[in-house]
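> I'd like to ask you about the structure that follows.
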Amino acid sequence: VASPYPKFDQIYEADDDSFICPQVEGNDVIGTLDCLRLNIYVPSNATSKNRLAVLVYIHGGSYNVGYGSRYYYGPKYLIRHNVIVVQMNYRLGPYGFLCLGTPEVPGNQGIKDQLLALRWIKENIASFGGDSNRITLMGESAGAGSIELHLFSEQEKLFTKAIIQSGTTLKPSGVLGTDVTPALKIADKLGFPTENVAEALNFLVKADPNIILGAYSELSLNLRPCVEKRIDDIENIIIEHPINLNLPKIRAMPILVGYNSREALMTDKNKPKNYFQSPNYFRDTLSQTFDFDEDLEDLDIVRRFYVGDEVLDEEVRSNIIDFESDFYYNFPIQWVIKKYLDSNPGYVFQYLFSYEGGMNFMKNTLNISLEGVAHGDELGYLFQMSDEIRTPSDEDQLMIDRVTTLWTNFAKYG
């Protein structure tokens, strides 16, 4: 059970931003449940008389991995533009996104961690020289989807602008329903078979996070935000699927939203060669969103647009990357942009990031050689991705300067 941080009389040395929420990294489980931290990076000229605009960043990672610290998202490129950068941790995987529909685990615990962080920032950022009336919420991938949930939710408006990068909840499996089976499966995997969710939860509460995360990974579970049940005295984030909800919060709110030129390059890297050879590939993929019934004419139109009459094999791999970029990223984001525009926002600015250079984060991380800009590549031009510090070329530095100027000017002026 969480408890208030002990009071202190001396100056608190707030220089440790290494806390990480439990998650799987490679073959290891890292992190601690005592992970809910805000990391606040402040330029030296921020004062009570010179309040600066605030950029609050929510990290991505499929709601299963990631953390907000300078080790991974170094704020150097942004704070030189005289903005305050705030990063947050939130619970991930089974700790953040089990959705049992019970008072103990109603769902969206990780999103509620973000909500608590935003409330704290709104109330306290002035003490750090920040302007509580100029808070921009910025996120990539799952972080972008998180921002949408805060826009859709019934809670108070805690930010004035939004930067939404390469993510939306309005995509296949973007939001799930209440489901007790993941908890039962994890308990069973750990030697506690039961069909009673209360018994399973009581067992899991006492179990070591390392073995819970190990079982979660071995079972290939992939939890994410959910539509919650209404429960008395429990604060809900979303109680309907976002596709059915309005967006009153974005009236008069400037929004910057976009994606990269070939998002699906990221997931292509690990696909086996026989991935494309399924005779029902297009139907299986498109059926995640569309209902074709017995009329396959529209399905055939899509297939022909991307691959013509070619056999699905390695020869059309590049075409499939374009299709999956459109299906999983570009189309859902374009669809949600229309939803934004229908809600009378202040402005909606759209970007397409297509620069290929030496700082493209995901291509460097996964050693991707194919042409295009992958999911997550733009992060290398916004943050000093410190797990592998690279020296920018002159061209890369120019792109860093341009992108960070655009982002921070948006935060300052809208």
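The values are calculated or read from the model by the stated rules, or taken from the named source; none is laboratory data. Note that the structure is predicted; figures quoted are calculated from it, not measured. Backbone-built Cβ (ideal geometry, glycine too); neighbour counts: all protein chains shown.
> ILE231 passes all but one of (1) under 29 Å from GLU324 (Cα atoms); (2) part of a loop (DSSP other than H, G, I, E, B); which number fails?
Only one criterion is unmet by ILE231, namely (1).
> Give region 369-402 a look and list any residue that's hydrophobic (A, V, I, L, M, F, W, C) and under 22 Å from the mean Cα position of the chain (by Cα), or say none.
Of everything in region 369-402, those that are hydrophobic (A, V, I, L, M, F, W, C) and under 22 Å from the mean Cα position of the chain (by Cα) turn out to be VAL373, ALA374, LEU379, LEU382, PHE383, MET385, ILE400.
> Name the residue, out of GLU156, GLU195, GLU199, that is at pLDDT below 95 and not in a strand (DSSP E or B). Full working, then the answer.
Numbers: GLU195 fails: at pLDDT below 95; GLU199 fails: at pLDDT below 95.
Going through GLU156, GLU195, GLU199 in turn, the sole match is GLU156.
> Just name the residue that is modelled with the highest pLDDT out of those in region 31-54 that are buried (at least 18 other Cβ atoms within 10 Å of the Cβ), among the small types (Gly, Ala, Ser) and not in a strand (DSSP E or B).
Step by step, filter region 31-54, then rank; the result is GLY31.
> Sticking with this one: Could you list, in sequence order, the residues of region 324-359 that are over 25 Å from PHE410 (Cα atoms), aromatic (Phe, Trp, Tyr) and over 22 Å from the mean Cα position of the chain (by Cα)? Give the derivation first.
Taking region 324-359 and keeping what is over 25 Å from PHE410 (Cα atoms), we get 324-328, 358.
Pick out the ones that are also aromatic (Phe, Trp, Tyr) and you get 327-328.
Those that are over 25 Å from PHE410 (Cα atoms), aromatic (Phe, Trp, Tyr) and over 22 Å from the mean Cα position of the chain (by Cα): none in region 324-359.
> Is there a residue being touching a helix residue (DSSP H, G or I) at 6+ places or on another chain (Cβ under 6 Å), outside any helix (DSSP H, G or I), among the hydrophobic types (A, V, I, L, M, F, W, C) and closer than 30 Å to PHE353 by Cα anywhere in region 160-167?
yes
> To continue, here is another question. For residues that are outside any strand (DSSP E or B) and not charged (D, E, K, R), tally how many sit in region 15-30.
Of the residues in that region, 7 qualify.
> Next question. Can you tell me which residue within region 363-384, out of those that are among the hydrophobic types (A, V, I, L, M, F, W, C) and buried (at least 21 other Cβ atoms within 10 Å of the Cβ), is farthest from ASP322 (Cα to Cα)?
Going through region 363-384, the residues among the hydrophobic types (A, V, I, L, M, F, W, C) turn out to be 366, 368, 370, 373-374, 379, 382-383.
Those still in the list that are buried (at least 21 other Cβ atoms within 10 Å of the Cβ) too: 373-374, 379, 382-383.
Details: VAL373: 11, ALA374: 11, LEU379: 21, LEU382: 25, PHE383: 27 Å.
If we take residues in region 363-384 being among the hydrophobic types (A, V, I, L, M, F, W, C) and buried (at least 21 other Cβ atoms within 10 Å of the Cβ), then PHE383 is farthest from ASP322 (Cα to Cα).
> Still on this structure, please answer the following. Only one residue in TYR67, TYR12, TYR5, TYR57 is among the aromatic types (Phe, Trp, Tyr), in contact (Cβ under 8 Å) with a residue 12 or more places away in the chain and in a loop (DSSP other than H, G, I, E, B). Which one? Step through it out loud before you land on a result.
Values: TYR12 fails: in contact (Cβ under 8 Å) with a residue 12 or more places away in the chain; TYR5 fails: in contact (Cβ under 8 Å) with a residue 12 or more places away in the chain; TYR57 fails: in a loop (DSSP other than H, G, I, E, B).
Step by step, each of TYR67, TYR12, TYR5, TYR57 is checked, and only TYR67 is among the aromatic types (Phe, Trp, Tyr), in contact (Cβ under 8 Å) with a residue 12 or more places away in the chain and in a loop (DSSP other than H, G, I, E, B).
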